[in-house]
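Colleague: Have a look at this one before I ask anything.
Here, each number is a calculation from the coordinates, and none is a lab measurement. A quick note: this is a predicted structure, and the numbers were derived from the prediction, not measured. Cβ placement follows ideal geometry from the backbone for every residue including glycine, while neighbour counts extend to all protein chains displayed.
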Amino acid sequence: MKSVIVIALTTLVAAASQSLAGISVLVGDRTAHKIWRLSDINNDGVISSNEVFVWFDETNAAGTPGITTPVAFGTRASDYLVILGDTATHQYYAFQDLNGDGDALDAGESRVILDAGNASLAVTASPTGIGFFPNGDIMVCNAGTTTSPDAIYRLHDLDGDGRFQGAGEATQWVTNWPGFGAGNSPYVPFETVVDSNNSGYLRSTGANNGIYRFADLNLNGRADDAGEFSPWFTTANGSGVTLSAGFGLELDGAHPGSFYMLQIATGSVDQLIRISDVNGNGNANDAGEATLVYSTAEAGFASNDLVSLATGDVLISDVTANGKRVIRLHDLNNDGLFTGAGERTDFFIAAGGPVLDTRQLALIPTPLYCGSADFNCDGDLGTDADIEAFFACLAGTCPGTSCLSSADFNGDGDIGTDADIEAFFRVLAGGSC
């Protein structure tokens, strides 16, 4: 649901860096009813307490209702529009940091875009998935309940008001497929993504467990005609992967055409699987097309969502009562797996607040952050000690976690460049970045 963003952010990420330069992670918090922004400002690869910011809550100046139970969460690459679906308020929200101040709390930066009152009669009872078509249209998914159907809709803003409440703005994309329809079904639609070819992918966790592909092959404005909705990765796969329930589905930001899927196998084993249609036959059920790249059977760990970076790293949220964290997987030995020593680290630990729940994840660019002439954070501006600290940071030894100074002084996402050095000396001279 979030994956398209990683392609647009490729140029912002320093591939050789252990940090997440230029990237911020949004976290949907069901307990605090907020969206948090995690930004690794000092580029040490870990989120400290002073790198956690409120990105959206009920105090917003737009008067947008606060979130309650976010499930669907994603970012549109073209303009960094963030979409969230809430299963308690039964509506979809849109957020966008228009003034670049690092949040979506200002007037005009948030709104409800689709709810049960829409004129298209699209069902919003249980939002679960978000996807983005190459032309900017939005795909939303409703998981059927005893009183509402499974359904996937395509949203297109006909009247230009930034919402999809009008007639014809939420069209049925997949609603007539056998098994979909009124009430619970063998499908439990959860995460959805769209690839660069306009094909959608659905992660189902019901009796029909697996990933399903759908596309409007006959160009009639929907993707549920004969041959348009088909199994893509199922229990019949030849890679020997036993499918289990799980939530996350994500485009692999480092390997176009590949996917990541989270699942919880028998024995409460959390697994991350990389999947790709290697032979191009329209599915990934053949031998060698799915690889278990990470697993853990530890107690007190329950994966929920993931984001994949263009660097190859993967972030996974842990929602256990004692966990409340985001882990990071980094392939140190370049074997394509995350099983080696040191390849899993804690990117963020909630530690009891202010973040109270680490569940849904999305990616946005980090707002530009200009460093201070007090580089070593000792309270004295532009001293020899600040200059020494800056050059020490360029060499790899930056101030401690209580100080946000980093080698990316001008906040452009590139670390320790000539532009950072020039910006540092401009600030020392009383100018700006």
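Colleague: Going by how many other beta carbons lie within 10 Å of each one, how would you line up HIS33, HIS255, fewest first?
Modeller: Least to most surrounded, the residues fall as HIS255, HIS33.
Colleague: Relative contact order for segment 4-365 using alpha-carbon pairs under 8 Å, separation at least 6, rounded to a whole percent?
Modeller: The normalised contact order for segment 4-365 reaches 14 percent.
Colleague: What spacing in nm lies between the two simple spin-label points modelled at THR31 and THR291, each 7 Å away from Cα in the Cβ direction?
Modeller: Modelled inter-label distance: 3.6 nm.
Colleague: For the modelled label position 7 Å from the Cα of THR68 along Cα-to-Cβ, which residues of segment 122-145 have backbone nitrogen atoms closer than 13 Å?
Modeller: 125-127
Colleague: What ³J(HN,Hα) values, in whole Hz, does the Karplus curve 6.51 cos²θ - 1.76 cosθ + 1.60 give for segment 198-214 when θ = phi - 60°, with x put for Gly and Pro?
Modeller: 6, 7, x, 9, 10, 9, 9, 10, x, 4, 8, 5, x, 10, 10, 9, 8
Colleague: How much space per residue, in cubic angstrom, does the convex hull of the C-alpha atoms of the chain take up?
Modeller: Expressed per residue, the convex hull around the Cα atoms of the chain is 146 Å³.
Colleague: 7 Å from Cα along Cα→Cβ at both SER120 and GLU388: what's the point-to-point distance in nm?
Modeller: Simple spin-label model gives 6.3 nm for this pair.
Colleague: May I pose another question? Which order results if CYS433, CYS370 are arranged by neighbouring Cβ count within 10 Å, fewest first?
Modeller: The order, fewest Cβ neighbours first, is CYS370, CYS433.
Colleague: Also, quick follow-up: I'd like the orientation of helix 418-428 relative to the chain: the angle between its Cα long axis and the longest Cα principal axis, in ° from 0 to 90, rounded to 10.
Modeller: Helix 418-428 sits at roughly 50 degrees to that axis.
Colleague: Which residue, THR242, ILE83, GLY416, has the largest displacement toward the positive end of the dipole of the chain when charges sit on each Cβ (Lys, Arg +1; Asp, Glu -1)?
Modeller: THR242
Colleague: Moving to a separate point now. Name the residues whose placed amide hydrogens come within less than 5 Å of the amide hydrogen of ASP305, ignoring near sequence neighbours (fewer than 5 apart) on the same chain.
Modeller: Here SER317 satisfy the definition.
Colleague: Which of rounded, prolate, oblate describes segment 361-433, given a ≥ b ≥ c as roots of the alpha-carbon gyration tensor eigenvalues and a/c under 1.5 marking rounded, otherwise prolate only if a/b is larger than b/c?
Modeller: Prolate is the answer for segment 361-433, as a/c is 1.5 or above and a/b outweighs b/c.
Colleague: As I understand it, the dipole of the chain uses +1 on the Cβ of Lys and Arg and -1 on the Cβ of Asp and Glu, about the Cα centre. Which of PHE375, ALA407, PHE164 lies farthest toward its positive end?
Modeller: The Cα lying farthest towards the positive end belongs to PHE164.
Colleague: Let me ask something additional. In deg cm²/dmol, rounded to 500, what helix-only [θ] at 222 nm does the chain give when every DSSP H run of at least 4 residues adds -39500 (n - 2.57) and the total is split over its residues?
Modeller: Theoretical 222 nm ellipticity from helices: -2000 deg cm²/dmol.
Colleague: Show me, for segment 22-34, the HN-Hα J-couplings you get by feeding each phi into the Karplus relation (A = 6.51, B = -1.76, C = 1.60, θ = phi - 60°), rounded to Hz, glycine and proline as x.
Modeller: x, 10, 10, 10, 8, 10, x, 10, 6, 8, 7, 6, 9
Colleague: Taking only C-alpha pairs under 8 Å that are 6+ residues apart, what is the relative contact order of segment 384-428 in percent?
Modeller: Reported as a whole number, the value is 23 percent.
Colleague: For a quick check: with amide H placed at 1.01 Å from N, whose amide H comes under 5 Å from SER24's, ignoring anything fewer than 5 positions away on the same chain?
Modeller: Amide H neighbours of SER24, under 5 Å, 5+ apart: ILE364, THR366.
Colleague: Are there cysteines in the chain with no second cysteine's Cβ under 4.7 Å away, and if so, which?
Modeller: By the Cβ distance rule, which asks for a partner under 4.7 Å, the isolated cysteines are CYS141.
Colleague: On to the next question. Which value in nm describes the separation of the simple spin-label points at THR266 and VAL278, placed 7 Å from the Cα toward the beta carbon?
Modeller: Result for the modelled spin labels: 2.6 nm.
Colleague: Now a separate question. For ALA302 and THR345, what is the calculated FRET efficiency with R₀ set at 22 Å and r taken between the beta-carbons, to the nearest 0.05?
Modeller: The pair ALA302/THR345 has a calculated efficiency of 0.75.
Colleague: Using a Förster distance of 30 Å, how high is the FRET efficiency between PHE53 and SER230, based on the Cβ-Cβ distance and rounded to 0.05?
Modeller: With R0 = 30 Å, the Cβ-Cβ based efficiency is 0.10.
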